[in-house]
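The values are calculated or read from the model by the stated rules, or taken from the named source; none is laboratory data. Just so we're clear, the structure is a prediction, and the values are computed from it rather than from any experiment. Reconstructed Cβ throughout: ideal geometry from the backbone, glycine too, with neighbour counts over all protein chains shown. Calculation scope for accessible area: heavy atoms of the full protein, side chains included, ligands and nucleic acids excluded. Shrake-Rupley method; radii C 1.70, N 1.55, O 1.52, S 1.80 Å.
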Amino acid sequence: MQERLFETNRILIMDGAMGTMLQSKGLPPGEQPDLYSVTHPDIVTEINRAYVEAGAELICTNTFVTNAKKLEGSGYTVRDIVSAATTCAKQACKGTHARVMLDIGPIGEMLVPGGTLGFEEAYEIFREIVVAGEEAGADLILLETMTDLYELKAGVLAAKENTNLPVLASMTFEENGRTFTGCCIESMVATMEGLGVDGLGINCSLGPVEVLPLARRMCEIASLPVFVKANAGLPDPGSGAYTISARQFCEEMQAYKSLGVAAIGGCCGTTPDYVRLLTASFRGVVPPQEEKMRKSVVCSAIKAVTVDRVTVIGENINPTGKKRLKEALRNGDMDYLLEQAIAQEKAGAMVLDVNVGLPEIDEVSMMVSAVKAIQSVSNLPLQLDSTRADVLEAGLRVYNGKPIVNSVNGEQAVLDQLLPICKKYGAAVVGLTLDEKGIPTGAEKRFIIAEKIVREAEKHGLAREDLYIDCLTLTASAQQEDVKETLEALKMVKEKLGVKTVLGVSNISFGLPNREQINTSFLTLALAHGLDMPIVNPLSEPMMAAIASFNVLYNHDRQATKYLQRYAGTSPPVENQGNEMSLQEAVIQGLKTPAAIAAKTALKTMQPEEIVNSLLIPALDMVGDRFEKGTCYLPQLLQSANAAVAAFEVLKTHLEALGQEEVKKGKIIVATVKGDIHDIGKNIVKTILANYGYQVIDLGRDIPPEQIAQAAVEHQVRLVGLSALMTTTLGAMKETIKVLREAEISCEVMVGGAVLTSEYAALIGADYYAKDAKASVDIAKKVLG
Amino acid sequence: MIQPEMIIQDAYRRLGYPAENQPDVYTCQKINEVADQIMTTAAPRTTQKEFTLTSLEPYLTGRDIEKHLVHCHRCLLLAATLGSQIDTLIRKASVSDMNEAVIMDAVTSVLIEAVMEEFEAEVREEYRHQGHFITSRYSPGYGDFPITVQNDFLHLLDAGRKIGLYATPTHILTPRKSITAVCGISTQPVTGHLAGCDTCTLESVCQSKKEGKTCARTLI
């Protein structure tokens, strides 16, 4: 692509600002500038032409703000505007070799989870624009001034799936090298290169001086052409005017000559004068061609992980052998999954494996929900784990960043099916050294399979640094003589193929007593044989300790800084370690560990159900009463709830060990209504209701009435709790109740939220008004007992 | 400069603790920890823009804002946000520890107010230097000033590009911990007229009002 779009022996010139020029030609502030392409095409063409005459070889259409949302009520369609703007730009290029870039800016709303715009909805919005752009004759597509990597991904996918045009992707960074939403340069580069764009850029926000270190970084790590469109300096905080002249801008751009950029232009505040000076100054400049650092990087939008030292993959989100996780997946209980994700992150996992495969659930939609939900609370990169192509593709599509796919193997059919998907979505991939004939015993044979996987992957366009080979751990109790073969294969793969390695470790000790001892020993051996990414339970302290020790012993952890951080001096937090207190006392005081200890003690003499009804609930009631009377406050109420949860966990584990189900009191749905994203109140209610033994199904926030009704039918609930915090979203609450009633769902509805009153609750047909979490418990008791 | 100690004291109030009542030791400790974390995660950004009153007229609807801008010929739109990482932090806490989430919510609400307060004071000082006076700030959603102008304000401010601030179609600011406001500009000393309880949409349910208190800020 480099030959076609950019050239290696010179730096291309791009145009400058459109908005700045339109304003100088009379566009009133606040007015939508893209309509000018229809109403004043001569002015727009004149601006485009001024840039071409100034030397710009890539010019933007006047469509930065154009999208269906912003055009609503304007009387114009996206097609009208894009077509008019492209015609202007093409007119301006006539007779020259300049090319037209369909300019696309941010949609203007935040995507989920920050806002309410869905990824799929964003994709559709972009699709409409790019299709219109190609139809109108644009030469390429420029997505620019993006701050959200997820939004950019939606745009790139839309462009690549619906047009044949080259795509350039540009984001706007602050001086700290991150966008407003926290995306870093490394994540942008890894993700966009993976998705197969044709060039990467930085534009807007800053002037040439401030962009320089960011551009240098991008040039260092990107293997694609890099372009820069900086602002005319920083804006004056009062007037908003840009401060540097064309001459100064050009002077500041001189440093870019030796950077290795493929193209330069201007953004806000720049005019054809700026571009003219750049053209003259950059004529004949040959950009240096430097060898790129090729690194193994996986990322979320916020966090890029370079696999250049031991990188722990957390294995806990995988239902195999995990009863609680299976149950959570069956019930669609995303909270349990998220708890696992956060706990692993806290324990030091650097990547999280996500496997949601259960025969009785819809794995495709569960993978999509799980990826979205986990990415809303954790910045760790994910490893999507499934054997099914449709599951992996669905997960890859909605993933924000560059994930790992777990896994392919040496079976030709698997390689043919999965590698194109990995390539399309730019994922790194794990290759298992097994094939149609199973797992070969000898190291040499596993190496041969690894070699095949690498060959096939490269044939499909995947880079070697994105391949992770898993030489497979066999069980020491059953195949003792093969344990060494795994280690041997690992070493060969690493040394001869130059790929990174990954290995699930805990399988080694299956069937043996004192498993952790075998696991840690094997882990250390594997690390010494060159294992890069152990897949482990990061909550297992001995495993993490083995890794921390290895890092000290192999001089990865210089001066044992991290080891000392982890183990020196810090004492565990004090939460009453001495004498045991009663369960009620512990819950009332909100102390987790004593509550768990007291619950264990109580189990010696009482049945779990009795403990709940005669100890836990009365204690919670007492705290609730105090809260109601104003003698204790919300943090204490919730701290008591936390303590009660710790006690419940003990009872649950006890029942599980006996093979019994815990007794739940009844199901309640909670949700924040459509259009509203306030969920603190709803979450408090959920926590307290769960404390009292109710099975709470939390649908989340911004939930359409139909989804709530459907869930009410599906789970056969008798109580639905709705939350709305805005006068503007009370309508959606009313609508939800109406839908529930019309569908003749026999459930009662309680509503809550700051703007509600009991009168209004009655008016919109709710059965109950819950003024706070305590009130919701009283209502639940009444309805469900 | 925003003092963490002030933020913590205000967070106590916001969590419901009366002025005469410090929370228990554990809660105090927790709030301190949360405040530290918030201070390092928050990325406060602000933006402002001046407009003539006539150019903003279509958006300044309602009796309250009209009263607020008496004697003003121009006005200022202000916006501030703590950034989207704060939202992620609160979402994360909501999963693992609801108590922490509630405390974070309180601390960040107090912090964004403080950020805006400081920003307003700076702007006021700048205008004072030029011989102008500005009113206190007035935000959409207070009194009868409709929250529906939120999206228009952000558009006028170009707030998405400048500070990464947007609104949902239902006019909720995202990132969540953000504020927009209007200040009147005048050649004579003005204070503005903030909404009182009688025009507040929460009038009939407000706990503060039942306790004889008001959340309306005192005029400068």
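Listing for the model above:
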read-out: Verdict on A:A169 being away from chain B (no Cβ under 14 Å), touching a strand residue (DSSP E or B) at 6+ places or on another chain (Cβ under 7 Å) and closer than 21 Å to A:I104 by Cα; value: yes
read-out: Any hit, the stretch A:231-252, residues being under 18 Å from A:C60 (Cα atoms), in contact with a Leu (Cβ under 7 Å, 6 or more places away or on another chain), away from chain B (no Cβ under 14 Å) and outside any strand (DSSP E or B); value: no
read-out: Selected residue (only one of A:E161, A:E186, A:E144 is within 12 Å of chain B (Cβ to nearest Cβ) and of a type outside the set (F, W, Y)); value: A:E144
read-out: From A:D353, A:D335, residue being buried (at least 17 other Cβ atoms within 10 Å of the Cβ) and at pLDDT below 95; value: A:D335
read-out: Residues that are surrounded by fewer than 20 Cβ atoms within 10 Å (Cβ to Cβ) and closer than 20 Å to A:A230 by Cα, drawn from the stretch A:1-18; value: A:R10
read-out: The stretch B:7-52: number of residues that are open to solvent by 70 Å² or more (accessible area, probe 1.4 Å), charged (D, E, K, R) and within 23 Å of B:Q85 (Cβ to Cβ); value: 4
read-out: Tally of residues being within 14 Å of chain B (Cβ to nearest Cβ), in a helix (DSSP H, G or I) and either in contact with a Leu (Cβ under 7 Å, 6 or more places away or on another chain) or open to solvent by 10 Å² or more (accessible area, probe 1.4 Å) (or both) across the stretch A:64-113; value: 3
read-out: Residue list for the stretch B:139-169, restricted to those being in a loop (DSSP other than H, G, I, E, B) and either open to solvent by 30 Å² or more (accessible area, probe 1.4 Å) or more than 9 Å from chain A (Cβ to nearest Cβ) (or both); value: B:S139, B:P140, B:G141, B:Y142, B:G143, B:D144, B:F145, B:P146, B:D158, B:P169
read-out: Hey, A:A215 of a type outside the set (D, E) and open to solvent by less than 10 Å² (accessible area, probe 1.4 Å) or not; value: yes
read-out: Scope the stretch B:58-87; condition open to solvent by 20 Å² or more (accessible area, probe 1.4 Å) and either hydrophobic (A, V, I, L, M, F, W, C) or within 12 Å of another protein chain (Cβ to nearest Cβ) (or both); matching residues; value: B:P58, B:Y59, B:L60, B:V70, B:Q85
read-out: Selection from the stretch B:16-61 of residues that are under 17 Å from the mean Cα position of the chain (by Cα) and in a loop (DSSP other than H, G, I, E, B); value: B:A42, B:A43, B:P44
read-out: Residues being among the charged types (D, E, K, R) and either open to solvent by less than 10 Å² (accessible area, probe 1.4 Å) or touching a Lys or Arg at 6+ places or on another chain (Cβ under 6 Å) (or both) - total across the stretch A:657-681; value: 3
read-out: Members of the stretch A:378-400 found to be within 14 Å of chain B (Cβ to nearest Cβ) and surrounded by 22 or more Cβ atoms within 10 Å (Cβ to Cβ), listed by number; value: A:S378, A:L380, A:N400
read-out: Failed condition for A:G55, given (1) in contact with a Leu (Cβ under 6 Å, 6 or more places away or on another chain); (2) open to solvent by 10 Å² or more (accessible area, probe 1.4 Å); value: (1)
read-out: Top-ranked residue in the stretch B:170-185 [being open to solvent by 10 Å² or more (accessible area, probe 1.4 Å) and within 17 Å of A:A724 (Cα to Cα); ranked as nearest to the other protein chains (Cβ to nearest Cβ)]; value: B:T170
read-out: Qualifying residues in the stretch A:527-541 (those that are within 19 Å of A:V502 (Cα to Cα) and without any contact (Cβ under 8 Å) to a residue 40 or more places away in the chain) - the one nearest to the chain's Cα centre (by Cα); value: A:S540
read-out: Yes/no for A:V130 being farther than 28 Å from A:T96 by Cα, away from every other protein chain (no Cβ under 12 Å), in contact with a strand residue (DSSP E or B) (Cβ under 8 Å, 6 or more places away or on another chain) and not hydroxyl-bearing (S, T, Y); value: no
read-out: Hits in the stretch B:108-122 (condition: within 11 Å of another protein chain (Cβ to nearest Cβ) and either open to solvent by 60 Å² or more (accessible area, probe 1.4 Å) or at pLDDT below 95 (or both)); value: B:E122
read-out: Which numbered condition A:E174 fails, given (1) in contact (Cβ under 8 Å) with a residue 40 or more places away in the chain; (2) open to solvent by 10 Å² or more (accessible area, probe 1.4 Å); value: (1)
read-out: Subset of the stretch A:745-785 [free of Cβ contacts under 8 Å to residues at least 24 places away in the same chain and hydroxyl-bearing (S, T, Y)]; value: A:T757, A:S758, A:Y768, A:Y769
read-out: Subset of the stretch A:117-152 [at positive phi and buried (at least 20 other Cβ atoms within 10 Å of the Cβ)]; value: A:T145
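Let's see how each residue does on (1) under 23 Å from A:K437 (Cα atoms); (2) of a type outside the set (G, A, S); (3) not in a helix (DSSP H, G or I):
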position	(1), (2), (3)
A:M366	no, yes, no
A:S369	no, no, no
A:K372	no, yes, no
A:V391	no, yes, no
A:G395	no, no, no
A:A413	yes, no, no
A:D416	yes, yes, no
A:I421	no, yes, no
A:K424	no, yes, no
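Quick grid of which residues meet (1) touching a strand residue (DSSP E or B) at 6+ places or on another chain (Cβ under 7 Å); (2) free of Cβ contacts under 8 Å to residues at least 24 places away in the same chain; (3) within 25 Å of B:E126 (Cα to Cα):
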{"site": "B:C28", "(1), (2), (3)": "no, yes, no"}
{"site": "B:T41", "(1), (2), (3)": "no, no, no"}
{"site": "B:L69", "(1), (2), (3)": "yes, no, yes"}
{"site": "B:H73", "(1), (2), (3)": "yes, no, yes"}
{"site": "B:L78", "(1), (2), (3)": "yes, no, yes"}
{"site": "B:T81", "(1), (2), (3)": "yes, no, yes"}
